[in-house]
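Notes for the one structure printed next.
Every read-out reported here was derived from the displayed coordinates using simple, explicitly stated rules and does not represent laboratory data. Because the structure is predicted, anything quoted here is derived from the model rather than measured. For neighbour counting, all protein chains shown are included, and Cβ atoms are generated from backbone atoms with ideal geometry for every residue, glycine included.
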Amino acid sequence: MASYREHALDGAAAVDLVVALYDGIIRFLYAAITAVDRGDADARRAAVKRALDIIIHLQARLRMDIGGRPAQALSEFYAAIFAEILQGSQSASRIKFQHAIDCVRNVRDAWREVARDPNANSISQPTLMMTSRSASESTDTAASASWTA
């Protein structure tokens, strides 16, 4: 199955690859929740590590010189989600993992819209911004930020 997934993405556009990475984060966070429910700390840590690895990869690929404000917003988003996931892992918190999933899903959906829109200028065009709280505050509560594209 993993080999199939790898080959399925061979011809994918850059935006489609970003969406696939967000899907991976979500999948690993659901695995972390399942591990919390089972009381399996090793599985929780393994799932969290995989999700954090993807976030680190996405963060490292940001081009601040080209992306400007949207790249800065994504950088702040990645930092906030990274912190949320770490806190969720340390406290084995389903709520923190679910909040991270909700935030990642919201941003992923914005990227999906970019992928669907043939008139989108480039992948750096979606302006992602928090409408209710700053990125650093988003890790404080489960009901906090709303991301829009």
Stretched fully, the stretch from R61 through D117 gains (0.36 nm per residue minus C-alpha distance, one decimal, in nm) 17.9 nm
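Estimate the FRET efficiency between A14 and R94 by the formula 1/(1 + (r/R0)^6), using the beta-carbon distance for r and 35 Å for R0, to the nearest 0.05.
Working: r = 33 Å, r/R0 = 0.94.
Between A14 and R94 the formula returns 0.60.
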Find how many whole Å separate the alpha carbon centroid of the range 80-95 from the alpha carbon centroid of the range 56-74. 23
Where does each of E76, E113 land when they are ranked from fewest to most other beta-carbon atoms within 10 angstrom? E113, E76
Find out how many positive minus negative residues lie around T34, taking Lys and Arg as positive, Asp and Glu as negative, among other residues whose Cβ is under 14 Å from that of T34. +3
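Suppose R0 equals 22 Å; then what is the FRET efficiency for R27 and Q87 from their Cβ-Cβ distance, rounded to the nearest 0.05? Can you show the working numbers first?
Numbers: r = 20 Å, r/R0 = 0.91.
Between R27 and Q87 the formula returns 0.65.
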